1. Within segment 22-58, report the trypsin sites (Lys or Arg not before Pro) that DSSP leaves as loop and that have at most 16 other Cβ atoms within 10 Å.
2. What's the extension gain from Leu39 to Gln52 if we count 0.36 nm per residue and subtract their Cα-Cα distance?
Amino acid sequence: MEGKKRCRMHGGAHGSGAPRGERNGAYRHGMRTHEMTELRREVRELTRISRQLIEAGL
């Protein structure tokens with residue numbers, strides 16, 4: 001687009017794109033949302049720490 005920094009069709013301006021979460025038509029079960037990914041990361045870290053404590057005999 002002449003005189004513009006981004007194409008109005010393909011520019012990826014802030015706020016463009018599909019809605020997040022259940023409002024998105026491709027949403028199925030939520031296992032790959034940002035929240036679930038972070039939760040799995042935290043559980044993995046807690047599991048690792050608990051295994052270290054068990055091995056240390058605490």
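1. Of the trypsin sites (Lys or Arg not before Pro), the ones in loops of segment 22-58 whose Cβ has at most 16 other Cβ atoms within 10 Å are Arg28, Arg32.
2. Gain in length upon complete extension: 2.7 nm.
Read-outs: derived from the displayed coordinates by stated rules, not from any lab. These numbers come from a predicted model, not from an experiment. Virtual Cβ from ideal backbone geometry, glycine too; neighbours counted across all protein chains shown.
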